[in-house]
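Below: the structure, in structure tokens.
The values are calculated or read from the model by the stated rules, or taken from the named source; none is laboratory data. Worth saying up front: this structure is predicted, and the values here are computed from it rather than measured. Positions of Cβ are generated from backbone atoms using ideal geometry, with glycine treated the same way; all protein chains shown enter the neighbour counts. Surface accessibility is based on the protein's heavy atoms, side chains included, excluding ligands, DNA and RNA. Shrake-Rupley method; radii C 1.70, N 1.55, O 1.52, S 1.80 Å.
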Amino acid sequence: MSSWDQLRAELDLWQSEDRIATAWWRDDDAVSVTPALETLLRFEQDYKVPLALAVIPASLQDDLVERLVETLDTRVLQHGWSHQNHMPEGRKKQELDDVRDIGDVVADLRHGFSVLQSRFGNRFLPVLVPPWNRVAEDVVAALHSLGFCGISTFNARKVAEPYKGIMQVNTHVDVIDWRGTRGFVGEDAALGAMIEHLAARRTGQVDADEPTGILTHHLVHDEPTTKFLDNLFSMDHSALRWLRIPGVFPWQ
């Protein structure tokens, strides 16, 4: 049985229980319009899969603002401030860190929030996507006061209720092999991660209400990555529903 058949089999189980397997799509590191981003926007339009675009405020270019005006479903999330690593050597990369003064980190986020809100208007959702999916706890504690309602990192969330006033909706399927080729991770690995999260939701091992999140990075997509996404987004199953961003927030 192929990985695609296994995914359909999992979705069949959801259907047999009269349940809908919800999913959503987040793409990171957007700053300007590129051919790779245009491909994603075409997928969004052709397959009606809403795109959540995590934008780096410090590097935002005018062409991205102008291009997104033309789209129907694209929403903008805040990808930190400048996607700059502040951690000392030997520690994992992190921009929203516990090394700098918390006031400096908060000031960066406040500035980024203002930039995206003023440039994108209601296309900007007050959801933080921490660069490298890492954020210090004291930064999380400050988010609600800055106007954020949500946060999105990676792996199944541990709590379903708002934490420190912030709702979390994560991604679970990374299509890039960051530790190896830095190209497509492969169909078996990508679909395996999707099936694993869907099955864990269905059987109550993780929060069943957290939509299964697909994570992409358009700037590093190769041809196999693009082909996979085309196949995934075009797949039709009555038990699979792609949600507008990010799925279960109050404005959904």
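Okay, here's what the table says:
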{"item": "Dipole magnitude of the chain, debye to nearest 20 (Cβ charges: Lys/Arg +1, Asp/Glu -1, about Cα centre)", "result": "440 debye"}
{"item": "Placed amide H near PHE154: partners under 5 Å, 5+ positions off or other chain", "result": "THR171"}
{"item": "Under 25 Å from LYS48, Cα to Cα: lysines that are on another chain or at least 8 residues apart", "result": "LYS227"}
{"item": "More than 14 Å apart - percent of Cα-Cα pairs taken over the stretch 1-78", "result": "68 percent"}
{"item": "Amide H contacts under 5 Å for GLY183, placed H, 5+ residues apart", "result": "ASP177"}
{"item": "GluC sites (Glu not before Pro) restricted to the stretch 28-100 and DSSP loop, no more than 16 other C-beta within 10 Å", "result": "GLU70, GLU89"}
{"item": "Largest-first ordering by accessible area, 1.4 Å probe, given options THR216, THR203", "result": "THR203, THR216"}
{"item": "Distance histogram for the chain (every C-alpha pair counted, 5 angstrom bins, percent rounded to whole numbers)", "result": "1, 6, 14, 18, 19, 17, 13, 8, 3, 1, 0"}
{"item": "SER238 accessible area, assembled protein chains, probe 1.4 Å, Å²", "result": "80 Å²"}
{"item": "Net charge dipole size for the stretch 15-72 [Lys, Arg +1 and Asp, Glu -1 on Cβ; Debye, nearest 20]", "result": "140 debye"}
{"item": "Signed unit charges on C-beta, dipole axis of the chain, positive-most listed residue HIS217, LEU240, GLN205", "result": "GLN205"}
{"item": "DSSP beta bridge pairing in the stretch 110-252, given as percent antiparallel to the nearest 5", "result": "20 percent"}
{"item": "Bridge type composition, the chain - antiparallel percent by DSSP, nearest 5", "result": "5 percent"}
{"item": "Where the stretch 96-209 is the region considered: accessible area per residue in Å², 1.4 Å probe", "result": "47 Å²"}
{"item": "Sulfur and carbon atoms: percent of accessible area, the chain [1.4 Å]", "result": "47 percent"}
{"item": "Inter-part distance where the stretch 141-167 and the stretch 23-69 are each reduced to a Cα centre, Å", "result": "23 Å"}
{"item": "Global size of the stretch 87-170 as Cα Rg and Dmax, reported in angstrom", "result": "13.0, 40"}
{"item": "Value of relative contact order over the stretch 1-130, rounded to a whole percent, pairs C-alpha under 8 Å and six or more apart", "result": "22 percent"}
{"item": "Within a Gaussian network of the chain (alpha carbon springs, distance under 10 Å), most fluctuating of ARG241, ARG182, ARG134", "result": "ARG182"}
